[in-house]
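To start, the structure under review is shown below, and the notes come after it.
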Amino acid sequence: MPRPTNKTELFDQSQKNFKTLMTFVNNLSEAERNMDFPPGTMNRNIRDVLAHLHEWHLMMKDWYETGNKGKKPDIPAKGYTWKNTPELNKKIWEKNRHIPFETIYAALSDSHNNMIKIIESHSNEELFDKKRYAWTGTTSLGVYLISSTSSHYDWALKLIKKARK
């Protein structure tokens, strides 16, 4: 599926990919949901993948809120650059690995709804005009939202399906 290029596509793909992911997870038995992935994957199970998505939502929300206050957010996170995101993702895994599945599941649903509210609150131009906001640099707010919603949900579903084979 091509990346969204406008507000309608971003909203629709974010909702569709989230629903597809959550429906897939919901259709698994409890044992399947808790099954460990094969060795070699950082996210060891479905809970870890959902926690990863949730934490990236929280970071996106923080970037957005900080940027809207006219400040420069720490992207991707304080002390990290895009080059060392594997270390950041490991920190996310360590932070969330003991949180129960049900708690992570509910938190992800809430943070997804927060991302949808951000999408809904902006016009197409506000989402997709490049360089519109100082904090997004040369790109658009929409690109950040695509990365934290629709394309991230697609990645998560593919990872879960691959790990289950």
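The values are calculated or read from the model by the stated rules, or taken from the named source; none is laboratory data. Just so it is clear, the model here is predicted, and its values are computed rather than measured. Please note: Cβ atoms are built from the backbone with ideal geometry, for glycine as well, and neighbour counts cover all protein chains shown.
Answer yes or no as to whether Y144 is more than 26 Å from P38 (Cα to Cα), assigned to a helix (DSSP H, G or I) and touching a residue at least 40 places away in the same chain (Cβ under 8 Å).
Numbers: more than 26 Å from P38 (Cα to Cα): yes; assigned to a helix (DSSP H, G or I): yes; touching a residue at least 40 places away in the same chain (Cβ under 8 Å): yes.
Yes, satisfied.
When residues in the stretch 12-45 are screened for being assigned to a helix (DSSP H, G or I) and over 21 Å from S150 (Cα atoms), 5 of them pass. The residue that is farthest from H54 (Cα to Cα), counting only those in the stretch 1-32 that are modelled with pLDDT of 95 or more and among the acidic types (D, E), is E9. Here K158 meets the list (1) in a loop (DSSP other than H, G, I, E, B); (2) exposed (fewer than 14 other Cβ atoms within 10 Å of the Cβ) almost entirely, failing just condition (1). Filtering the stretch 90-109 to residues that are of a type in the set (S, T, Y) and touching a residue at least 60 places away in the same chain (Cβ under 8 Å) leaves Y105, S109.
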